[in-house]
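S.K.: Dropping a structure here in structure tokens format, bear with me for questions.
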Amino acid sequence: MWTPIKVVKISGNSMVPYAKDGDYAVSTKFFFSIGAGDVLVFRSPVDGMVLIKRVRSLEKSDDGTKFFMEGDNRMRSTDSNTFGAISRKSIIGKVIFIARGKHPE
């Protein structure tokens, strides 16, 4: 079923301090633009896993715009440094807020 809002539970600490393991990213499919600094939910081009990362830069080419994604905690992030820039079709939504979850001690 299609819904305009997608909630994803964050697993891992690649986005600390913005978001921590156990938080929830609330994203929307209704967005008009994507720029550096935006946080997106997308499917990994490697294994299809749902990831949450920040847009670091945009790469324009004849095939359209690609987005270079990085985790805020770069030492614990699998991101575009590993799999390259992502295409717009990989994007699930743009994060509009983080709901704090129960954090492991």
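Since every read-out is calculated from the coordinates, none of them should be taken as a lab result. On a predicted model such as this, the values are computed, not experimentally measured, just so you know. Note that each Cβ is placed from the backbone with ideal geometry, even for glycine, and that neighbours are counted across all protein chains shown.
S.K.: Could you tell me which residue of the stretch 16-66 is surrounded by the most Cβ atoms within 10 Å (Cβ to Cβ), considering only residues that are of a type in the set (Lys, Arg) and farther than 14 Å from residue 79 by Cβ?
M.R.: Filtering the stretch 16-66 for residues of a type in the set (Lys, Arg) gives 20, 29, 43, 53-54, 56, 60, 66.
Then drop every residue that is not farther than 14 Å from residue 79 by Cβ, which leaves 20, 29, 60.
Numbers: 20: 17, 29: 14, 60: 8.
That would be 20.
S.K.: Filter the stretch 73-105 for residues that are in contact (Cβ under 8 Å) with a residue 12 or more places away in the chain, surrounded by 13 or more Cβ atoms within 10 Å (Cβ to Cβ) and of a type outside the set (Gly, Ala, Ser) and give the result.
M.R.: 73, 78, 79, 83, 86, 91, 92, 94, 95, 96, 98
S.K.: If you go through the stretch 51-73 one residue at a time, do you hit one that is within 18 Å of residue 7 (Cα to Cα) and either touching a His at 6+ places or on another chain (Cβ under 7 Å) or of a type outside the set (Lys, Arg) (or both)?
M.R.: Let us first name the residues in the stretch 51-73 that are within 18 Å of residue 7 (Cα to Cα), namely 51-54.
Those still in the list that are either touching a His at 6+ places or on another chain (Cβ under 7 Å) or of a type outside the set (Lys, Arg) (or both) too: 51-52.
Taking every residue of the stretch 51-73 in turn, at least one turns out to be within 18 Å of residue 7 (Cα to Cα) and either touching a His at 6+ places or on another chain (Cβ under 7 Å) or of a type outside the set (Lys, Arg) (or both).
S.K.: Separate question: Among the listed residues 25, 19, identify the single one that is of a type in the set (Gly, Ala, Ser), within 11 Å of residue 95 (Cβ to Cβ) and under 10 Å from the mean Cα position of the chain (by Cα).
M.R.: Being of a type in the set (Gly, Ala, Ser), within 11 Å of residue 95 (Cβ to Cβ) and under 10 Å from the mean Cα position of the chain (by Cα) holds for just one of 25, 19, which is 25.
S.K.: Tell me whether the stretch 9-28 contains one or more residues that are touching a helix residue (DSSP H, G or I) at 6+ places or on another chain (Cβ under 9 Å), on the phi > 0 side of the Ramachandran plot and among the small types (Gly, Ala, Ser).
M.R.: Within the stretch 9-28, one or more residues are touching a helix residue (DSSP H, G or I) at 6+ places or on another chain (Cβ under 9 Å), on the phi > 0 side of the Ramachandran plot and among the small types (Gly, Ala, Ser).
S.K.: Turning to a different aspect of this structure: Considering only residues that are hydrophobic (A, V, I, L, M, F, W, C) and in contact with an Asp or Glu (Cβ under 6 Å, 6 or more places away or on another chain), look in the stretch 68-105 and name the one that is farthest from residue 42 (Cα to Cα).
M.R.: Restricting attention to the stretch 68-105, the residues satisfying the condition of being hydrophobic (A, V, I, L, M, F, W, C) are 68-69, 75, 83, 85-86, 91-92, 95-99.
Now restrict to residues that are in contact with an Asp or Glu (Cβ under 6 Å, 6 or more places away or on another chain): 69, 85, 98.
Values: 69: 10, 85: 12, 98: 16 Å.
In this case the residue turns out to be 98.
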